[in-house]
Every structure is written in C-alpha cells, then in structure tokens.
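Undergrad: My questions will all concern the structure given below.
The values are calculated or read from the model by the stated rules, or taken from the named source; none is laboratory data. This one's a predicted model, so the numbers in the text were calculated from it and none came from an experiment. Heads up, the Cβs are rebuilt from the backbone with ideal geometry, glycines too, and the neighbour counts pull from every protein chain shown.
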Amino acid sequence: MKKSFIIVMLGICSFTANASLSTQKPVVIQIEQSLTQMNSALSCSIVYSHTPMASQADYYKGVAYERYSDLVAQLVLSGQSEEGARQTAIEKIVMQSQTIKQQIDTTKTGAETELKQLLQQTAKNNDCVHYVNI
C-alpha cells in the first residue's frame, strides 16, 4: 500500500512538473515578442528624433513605454520579482539605445547621405509605420 502511494505521488509530481513547463513556453514566447516590439519602438523613436519628422518620436516613445510595461508583466509572470523585471527591462532599453546611438554617431562623422541611409534602413528594419522617405 505504501509503495503504491509513493508511486502515485511520484506520478502526480511528474505530471505537475511537465504541466508547469508547458505553461511556461507561451510566457517565454511572449517575453521575446515584448522585447522585440519594445526594441522596435525604441529604434523608431530614435530614428525619428534625427529627422524632420521628430514629432513621431514622441509617438514611438509612448509605444516603447507600453512595450516596456508588457515586458515587465511577462517577466513577473515568468517568476521574476517586479523589481528584477523592471531592472531587466531597463537594461534591455539601455543596451538597444546605446547600440543605435553608437551607429548614428559613427555614421554622423561620415557623409550626410550615409546617415540618411542608416536612418532609412533602421526605420524599414523596425517597421516604423509613419516612415516616409526622409
């Protein structure tokens, strides 16, 4: 009787462990999507801030903040503390911003056409919906 109880309990624990792993997969996908969307919105904001369409930068700042909030929520669902989730999201924002700013600063030292091409390519890569030939 004791052996069958232990076997049943092990079976339940095994089933529970498998179920929790399967429910975490969508959260991981949602985290990746939120991160990608946040990076895209942030990129668009930075691109537009360097163009005559600077007013669109504010729109994308708002979108980036919404995506930041989504990312934090998804990270909390995955088991991180809220403070840890916010720190992780901020680190991602800083890293993305620095990468784009560095590309722009490097290109600014070259010809103006190179900067324009970089901005256009970044806008296209990030599906900046308000993008028009700048």
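Undergrad: Determine, yes or no, whether GLN74 is surrounded by fewer than 15 Cβ atoms within 10 Å (Cβ to Cβ), assigned to a helix (DSSP H, G or I), at pLDDT 85 or above and out of contact with any strand residue (DSSP E or B) (no Cβ under 6 Å at 6 or more places or on another chain). Please lay out each step first, then the result.
TA: Working: surrounded by fewer than 15 Cβ atoms within 10 Å (Cβ to Cβ): no; assigned to a helix (DSSP H, G or I): yes; at pLDDT 85 or above: yes; out of contact with any strand residue (DSSP E or B) (no Cβ under 6 Å at 6 or more places or on another chain): yes.
Spelling it out, it is not the case that GLN74 is surrounded by fewer than 15 Cβ atoms within 10 Å (Cβ to Cβ), assigned to a helix (DSSP H, G or I), at pLDDT 85 or above and out of contact with any strand residue (DSSP E or B) (no Cβ under 6 Å at 6 or more places or on another chain).
Undergrad: I need the full set of residues from the range 99-110 which are exposed (fewer than 11 other Cβ atoms within 10 Å of the Cβ) and at pLDDT 85 or above, in order please.
TA: GLN102
Undergrad: Does the range 41-61 contain at least one residue that is farther than 18 Å from ALA123 by Cα and at pLDDT below 90? Lay out the reasoning, then the answer.
TA: Here is the first cut: in the range 41-61, the ones farther than 18 Å from ALA123 by Cα are none.
There is no residue in the range 41-61 that is farther than 18 Å from ALA123 by Cα and at pLDDT below 90.
Undergrad: If you check every pair at least six apart or on different chains, which have Cβ atoms under 8 Å apart with a residue in the range 92-115 that is at positive phi first and a residue that is at pLDDT below 85 and charged (D, E, K, R) second?
TA: Listed pairs, sorted by first residue: none to list.
Undergrad: From (1) under 14 Å from the mean Cα position of the chain (by Cα); (2) over 24 Å from GLY62 (Cα atoms); (3) of a type in the set (D, E, K, R), pick out the condition that doesn't hold for ARG86.
TA: Unmet for ARG86, out of (1) under 14 Å from the mean Cα position of the chain (by Cα); (2) over 24 Å from GLY62 (Cα atoms); (3) of a type in the set (D, E, K, R): (2).
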